[in-house]
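To keep things clear, I will list the structure first and then write my remarks on it.
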């Protein structure tokens, strides 16, 4: 240590000894300055970092991704989606048709009435909304509305009491009995049951036939038990207008479940018979005429049970709607707006079902293999092939799961990529979706076809493997957030907001459409608000957020929800 430094230290010591109070004050000041200088450094080290994103307004699209191969055949079968009497037919061999041209119409009077009822319901919902927006919420008006909605609920229960027994007892007893006779009769191959014959006779040609037979028997046993349970319930209960609402709803739920299981049993039986017919035709053998009779009977039962199922569904919807209206008697405008949206969806569903009664050409092409023995007034079954439409464009065959089949409709757009052709993307549309599914090892799937658009790249060949993204729904100009920002607790959706104090606040939200990386926000957030996506350094750049978004593409689909 140098002599100068030693002299400075000695001088400081002497100063402290002579001026103790002043020295203490100076020491406190030095410590305070050091604290103020070093505090931000230590607080930054202890601060919890987050990745955030803004609530943005934009478009959101949901897609279903499947794989398939370009088929060597560029044709589809012309077949109705519903059963009924033909009211118009425009099918001739060699006839050239344009996309959208009407080829066949089934009598659609009932479907038109359903559309008319849905339009009336929508207009009523809009009128109720207009009244709410123009009325005050004084006590007298609330009580009057409550009385009216209590009457509406009572009427919905009365409709169940009047209609439910007839729905259940009109045709289901004979269907269950005849279905048992059809499956467990021995007319085809005595002494073997018909259901065993359909499965076992094909075992050398189609190994899955045994699984189909087993599934059919299991489905019937489940349906029979459910039917017997409801029948005993009806015999022990006497529903009247004065019955307890819970008892009425329990009867409704039990009947709904029984009809659904009977419908499932008929569907399984029909799938088994058609598997048998297709397999025998493929090996160019003949089958007993009784097989065609079974096909017609089951097709008829399938249509009947679908109709019964629809009627019970309407009763359930009416009761549920009346209950919801009674609960929401507080003039909540948002609830009434939701009722209008629901009525709009019901109208769209009715319009979609009405469209099923008209068969249109899904693309330009030439008709062939037309059945010349079908005329106006003839009754045809759903899925009956009446001709073949051939196109010059490529067609991709795909298989859909039960969940996906419910979302996919004819006419929806599709984006196609090719496994062996990098950076090549084509467009197309859904042109055919089977009404009756196929069962393999207990799993149901539905065949569908995608038609590639014109001007396809010349490198595309028949047999190539593809990935198809089917666009099922699109919304424009809606609020969206990254899917990873949405959280759920106790069946309630919420997001986390980082406030000005760097503290986390929970915010309940109502969600709408859900895509792979984004979720639509209907209620609870405003455009521009910043939400927490995940832990990490706070970074407002789009690059950081985009990386985070890409990490969640493979998350499971969230359950649909309203506000919680």
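Data for the structure
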| item | result |
| --- | --- |
| Subset tally (residues that are touching a residue at least 12 places away in the same chain (Cβ under 8 Å) and over 25 Å from residue 63 (Cβ atoms)) for region 503-522 | 4 |
| Residues of region 99-136 satisfying the condition of being outside any helix (DSSP H, G or I), modelled with pLDDT under 90 and more than 28 Å from the chain's Cα centre (by Cα) | 135, 136 |
| Only listed residue being farther than 30 Å from residue 199 by Cα and touching a helix residue (DSSP H, G or I) at 6+ places or on another chain (Cβ under 9 Å), chosen from 429, 409 | 409 |
| Qualifying residues in region 234-256 (those that are assigned to a helix (DSSP H, G or I) and surrounded by 15 or more Cβ atoms within 10 Å (Cβ to Cβ)) - the one farthest from the chain's Cα centre (by Cα) | 234 |
| Failed criterion for residue 324 (all others in (1) free of Cβ contacts under 8 Å to residues at least 40 places away in the same chain; (2) over 30 Å from residue 152 (Cα atoms) hold) | (2) |
| So residue 272, is it in contact (Cβ under 8 Å) with a residue 60 or more places away in the chain and in a helix (DSSP H, G or I) | yes |
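The values are calculated or read from the model by the stated rules, or taken from the named source; none is laboratory data. Just so it is clear, the structure is predicted and the values come from calculations on it, not from any experiment. A quick note on method: Cβ atoms are made from the backbone with ideal geometry, for glycine too, and the neighbour counts reach across all protein chains shown.
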